[in-house]
Amino acid sequence: MLGLVAADAEITELLQTPLAQDVRYTSHFSQSEEFFLKLDRPFQVPSFPIHHDVRLTTPGREYQSALRSLTQDLYRLLPEIFQGLHYAFDPREILRPVFYKLFRLEERLFLYHLRLDISFRPALHRVLEKGTNDQTPLYETDQARLEASILPLASPPAGGDPREIRIDQLISDTWIGETGRGYFVEGIWIDNDLTKFFSRLIIPQGKRLYPYYPLTSRFRTVSHTPLDLRTRELPRTVPLLHRARLFLEPHLEAIQQTLRSESFSEELPLFRELKQLVPEELQAPWQDVSLRVYLNEDDMKEFEVHIPGAPS
């Protein structure tokens, strides 16, 4: 269960109001593999309270007021990204608010899960008013940092309540052990290797899309990371995840067992065997997608995404 709480009907109602898109933007990945939209004009992120008791499942008034203001401004700039979504409060990550929408396909439900990262980053954001130990600064930026996933659901939530959303966990366990000693002990998981295995299977032979991985291992399931976040395009991406799931499901246990003993490589016998079986319909969507590498104004490597028909 994701543990989301429907928290602000005013925000959700706002996002149901149709608006025309009049701001241009492009899609990018940072050097640290984070996805963001670069707008042709900046927007302000108000000051937010930093601390929240995770036992409280509703946001405080100050937080709610700041988020309403931010959502209203950002929705005017990017209506085609947020239109039709619902807002839910996650008390564990208050500086990464969640927006979501449910889709149905062949009696199965899928969740579109979108996080907006509003945490302050000194190297990226221009401070308008300094923050404190308890408040984030008021800052300006032309980058909307977003993390999008489409996830299969195990059962329909009661009355659409996000508190009842349960992920269909297709993967048994991704933890395989620990490394280090004492205070330096770290867990070892195979999620990254699973993500590489799933994604390289459906990306056409010889094509490189790093740092983008279309299929990921998240919440112990196979999820899809869409590149085109326009809400009108999302229904087209759900069948892709559904077909990928049907293809992978019979082989998931074998894939997990292989990666528990060996790191991912395209030379793994199991990978090479499955690669020959991937249907063309799973590989075709990535044939015309490309990423251009460039250096930003701080000489840091970034990647610009090019998708036929998408904003650029």
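Would you call GLN283 open to solvent by 70 Å² or more (accessible area, probe 1.4 Å) and over 16 Å from THR26 (Cβ atoms)? In short, no. Looking for something over 21 Å from GLU147 (Cα atoms) and either modelled with pLDDT under 95 or of a type outside the set (Val, Ile, Thr) (or both) - is there at least one such residue anywhere in the range 191-203? Yes, because at least one residue in the range 191-203 is over 21 Å from GLU147 (Cα atoms) and either modelled with pLDDT under 95 or of a type outside the set (Val, Ile, Thr) (or both).
Only one of the numbered conditions (1) open to solvent by 30 Å² or more (accessible area, probe 1.4 Å); (2) in contact (Cβ under 8 Å) with a residue 24 or more places away in the chain; (3) not β-branched (Val, Ile, Thr) is not met by LEU209, and that is (1).
The residue list SER47, SER32, SER27, SER69 contains one member that is at pLDDT 95 or above and either basic (Lys, Arg) or closer than 30 Å to LEU153 by Cα (or both), which is SER27. In this structure, PRO137 qualifies as open to solvent by less than 30 Å² (accessible area, probe 1.4 Å), modelled with pLDDT of 95 or more and more than 23 Å from PRO79 (Cα to Cα). Here is a check on your reading of the model: is GLU147 among the acidic types (Asp, Glu), under 25 Å from ARG24 (Cα atoms) and surrounded by fewer than 17 Cβ atoms within 10 Å (Cβ to Cβ)? Against the criterion (among the acidic types (Asp, Glu), under 25 Å from ARG24 (Cα atoms) and surrounded by fewer than 17 Cβ atoms within 10 Å (Cβ to Cβ)), GLU147 qualifies. Scanning the range 262-293 for residues that are under 23 Å from the mean Cα position of the chain (by Cα) and either among the hydrophobic types (A, V, I, L, M, F, W, C) or farther than 17 Å from LEU248 by Cβ (or both) turns up PHE264, LEU282, ALA284, TRP286, GLN287, ASP288, VAL289, SER290, LEU291, ARG292, VAL293.
Residue count for the range 61-84 under the criterion of being surrounded by 21 or more Cβ atoms within 10 Å (Cβ to Cβ) and touching a helix residue (DSSP H, G or I) at 6+ places or on another chain (Cβ under 8 Å): the result is 4.
Flag set for THR26, criterion: surrounded by fewer than 18 Cβ atoms within 10 Å (Cβ to Cβ) and hydroxyl-bearing (Ser, Thr, Tyr). In the range 114-137, of all residues being touching a Phe, Trp or Tyr at 6+ places or on another chain (Cβ under 8 Å) and polar (S, T, N, Q), the one that is nearest to HIS52 (Cα to Cα) corresponds to GLN135.
The values are calculated or read from the model by the stated rules, or taken from the named source; none is laboratory data. Not measured: the values here are computed from a predicted model. FYI the Cβ positions are ideal-geometry reconstructions off the backbone, even for glycines, and counts take in every protein chain you see. Heads up: the accessible areas ignore ligands, DNA and RNA and are worked out on the full protein's heavy atoms, side chains in. Shrake-Rupley method; radii C 1.70, N 1.55, O 1.52, S 1.80 Å.
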